[in-house]
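The values are calculated or read from the model by the stated rules, or taken from the named source; none is laboratory data. All figures in this text were calculated on a predicted structure; none of them were measured in a lab. Backbone-built Cβ (ideal geometry, glycine too); neighbour counts: all protein chains shown.
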Amino acid sequence: MALEFPDQLNMSDYFLDRRIEEGLGDKIAVIDDSGAYTYRQVQALANQMANALKARGIGPEDRVLIGLFDSIEFVATFFGVLKLGSVVTMVNPELPDADYDYYLQYTRARALVADHTLTDRIQSQIKAAELLRGVISIRPNGWQESIGDASAVFRNYPTSKDDFAVWLFTSGSTGKPKAAVHFHHDFPYNTECYAKQVLMMAKSDVTLGVPKLFFGYATGTNLMFPFAVGATTVLFRDRATPEKIFELSAKHSATVLTSVPTLINKMCAHDSPKPLQAMRVVISAGEALPEELYLRWKKLFDVEILDGIGSAELFHIYISNRFGQVRAGSLGKLVPGYEARVVGPDGNDVKDGEIGTLWVKGDSAALCYFQAHEKSKEVLRGDWVVSGDLFRRDAGGFFYYAGRADDMLKVGGIFVSPLEVEGCLLKHPNVLETVVIGYEDEDQLVKVMAYVVVRDAVPSDKLADELITHSKRTLVHYKAPRRIEFVSALPRSDRGKVLRRELRK
């Protein structure tokens, strides 16, 4: 699918300024904890931020590190940085203090725009960041105090469609997060392909998100996508809970919910789940959505889930289920504008039904990983992005996730997918969450074990034996876990992904 963008393209114009030109200036764009803001007001605030940064010596291609909670301030800063021709880098404002040493040094940020709670506690890290020219600390209701008398009028820098725009950090599952470097046109490309053609985003939509805006998944679904069509996004500072999602969904008649399997599970398990009366779709990504959980959700809420997969390397979702074509347990079909291969160890495409490594092609692919030349060559091969994900594709074009290549277990010389074992355990009524890994027995042979979070029952040896028996009834014998370890919670990254490496330790 050929999509043409003009040579001169600034994301802030595509996502924000055009809405005012289209006559949507007085439409509500953002609702957050402090109130509601129109597109025209967002534009004025973004212009002020661009002017405030420019006054501090920040210019085109300078990196700006954003450490803000989900709020109007985040939105205005995001677009303000882009208006200036600078480069957005985003970080979780609740990380441990020491992590900001890495992010400030790695990004070589010339400016930091962050919540006052963050800037107050990382003063030593700020002082050590020699390249910083300016720090803008934002307090609640303190926007004007933070940016001074910056003008609300600004002319966007004439960036090229191929100028650097945003760094998206990888999840860091195998070490320190690295940044996938993206151009201005990468984000409109996926918006045109996925948001408009698969999600069918419209200006009547009201979006609500579980993941936070610093995570590229949410930056797309809960900021860029609604802004691209003149819709409304609902933001909140606190971490997402079932209660919060039920409350805000009802209060604002949310129609699109961005979620993850963990929260979907918690909403299903809630003591008093509330109907999602206005909701037309839930988007799930980030982790595999078990078929059993999908069916439980549909029965309870009768709202469609479009499960899909995306990555920082391609900005957003490139394989997804579609309305009217959902196949439980699969991730759906290719998003328009994207191609994929399932490749075997010999470098050739495998037959349908066989498992191989997923290769993806699409014009939203990143240029490189910053300061990671060898990794860039390994993953970004010409037009193709070589993922570390194992997939199989059926004859109908549906893709099925088999796990990460480095998560697969070889038991008795045969590969076992942890996802298959996890899906089996999740069918037991007392299992709320589970993660399967391998361990070496006394003969140094790899066996299967499971970490389990129980729903109601008190963990016991009897329950462990029951879960092992339950698995053996469904799975081939060697796939059933030999050990069950009960835990109160699974370790997760700030993006909500289970940290299997922590469990392997």
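Some points to look at:
- Looking at D120, D97, just one residue is within 23 Å of the chain's Cα centre (by Cα), over 25 Å from V42 (Cα atoms) and surrounded by fewer than 16 Cβ atoms within 10 Å (Cβ to Cβ), and that residue is D97.
- Candidates are the residues of the range 377-399 that are in contact with an Asp or Glu (Cβ under 7 Å, 6 or more places away or on another chain) and closer than 25 Å to R327 by Cβ; the one that is surrounded by the fewest Cβ atoms within 10 Å (Cβ to Cβ) is A395.
- Residue satisfying condition, being surrounded by 15 or more Cβ atoms within 10 Å (Cβ to Cβ), over 24 Å from the mean Cα position of the chain (by Cα) and at pLDDT 95 or above, within set D115, D62: D62
- Whichever residue in the range 151-200 is surrounded by 21 or more Cβ atoms within 10 Å (Cβ to Cβ) and in contact with a Pro (Cβ under 7 Å, 6 or more places away or on another chain) and, among such residues, is modelled with the highest pLDDT: C193
- Test: R139 is surrounded by fewer than 21 Cβ atoms within 10 Å (Cβ to Cβ), over 29 Å from P491 (Cα atoms) and in the same structural domain as L53 (by TED's automatic domain parsing): yes
- Within the range 314-346, considering residues that are hydroxyl-bearing (S, T, Y) and not in a loop (DSSP other than H, G, I, E, B), the one surrounded by the most Cβ atoms within 10 Å (Cβ to Cβ): Y318
- Qualifying residue in the range 367-376 (condition: aromatic (F, W, Y) and either surrounded by fewer than 15 Cβ atoms within 10 Å (Cβ to Cβ) or closer than 21 Å to P481 by Cα (or both)): no
- Test result for D13, at pLDDT 95 or above, exposed (fewer than 15 other Cβ atoms within 10 Å of the Cβ) and within 30 Å of E339 (Cα to Cα): no
- Flag if D205 is of a type outside the set (G, A, S) and without any contact (Cβ under 8 Å) to a residue 12 or more places away in the chain: no
- Qualifying position, being farther than 17 Å from V30 by Cβ, surrounded by 17 or more Cβ atoms within 10 Å (Cβ to Cβ) and in contact (Cβ under 8 Å) with a residue 24 or more places away in the chain, among V256, V234, V282, V229: V282
So that you can scan it fast, the table gives a plain yes or no per residue for (1) on the phi > 0 side of the Ramachandran plot; (2) out of contact with any Asp or Glu (no Cβ under 6 Å at 6 or more places or on another chain); (3) of a type in the set (K, R):
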position	(1), (2), (3)
F315	yes, no, no
G329	yes, no, no
R341	no, no, yes
G353	yes, yes, no
T357	no, yes, no
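- Within the range 188-234, the residues that satisfy the criterion of being touching a strand residue (DSSP E or B) at 6+ places or on another chain (Cβ under 7 Å), among the aliphatic types (A, V, I, L, M) and in a helix (DSSP H, G or I) are A218, L223.
- Residue that is nearest to D352 (Cα to Cα) [pool: residues in the range 398-442 that are under 24 Å from the mean Cα position of the chain (by Cα) and of a type in the set (G, A, S)]: A402
- Odd one out for E243, checked against (1) of a type outside the set (S, T, N, Q); (2) in a helix (DSSP H, G or I); (3) buried (at least 22 other Cβ atoms within 10 Å of the Cβ): (3)
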